[in-house]
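Data block below; observations after.
The values are calculated or read from the model by the stated rules, or taken from the named source; none is laboratory data. These numbers come from a predicted model, not from an experiment. Glycine gets a Cβ as well: all are built from the backbone with ideal geometry, and neighbour counts include every protein chain shown.
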Amino acid sequence: MKANPSILEQCRNYISNGDTDKAIQILLDQIGKTDKNLILVSSRWKTLQKNKIGGVISGDDYLTNKGVIDDSILTILDIIESEESHEKSKISRSITANRQSNTIWIATTIIALILVFSVVSCQLSVS
């Protein structure tokens, strides 16, 4: 999952302001409709909204369930950030390994050139 950090912060702001619907919609638009956890949260939210409108659920039960859904969204946001942070760390380690490999190659090449010049220099001085 990839998402712009400002999108993640915007979703957190929507949750803190009680606008769960907007947070879910942004995540669906940005991450896509293929993330299983996001689909489940979205489905639970739609069901909760229908139950509220239909008078099937009390106000207290609605708020309790909304809190669980909001917590699930925040967990999804944390997972996205964690995955992106891990990916950045992996890329950074790869770049460092490539730099080290390049440094070793350059050092080996320089040593080889020094040896070649030394041999040539010795042969010239002997002749």
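Worth a mention:
- Any hit, the range 10-24, residues being under 22 Å from the mean Cα position of the chain (by Cα), in a helix (DSSP H, G or I) and in contact (Cβ under 8 Å) with a residue 60 or more places away in the chain: yes
- Close pairs from the range 71-88: first within 18 Å of residue 16 (Cα to Cα), partner of a type in the set (S, T, N, Q) and modelled with pLDDT under 90, Cβ under 7 Å, at least 6 apart: 76/37
- Test for residue 113: is it hydrophobic (A, V, I, L, M, F, W, C), surrounded by 10 or more Cβ atoms within 10 Å (Cβ to Cβ) and modelled with pLDDT of 80 or more: no
- Matching residues in the range 25-49 - criterion: being among the charged types (D, E, K, R), in a helix (DSSP H, G or I) and either touching a residue at least 40 places away in the same chain (Cβ under 8 Å) or under 20 Å from residue 60 (Cα atoms) (or both): 44, 46
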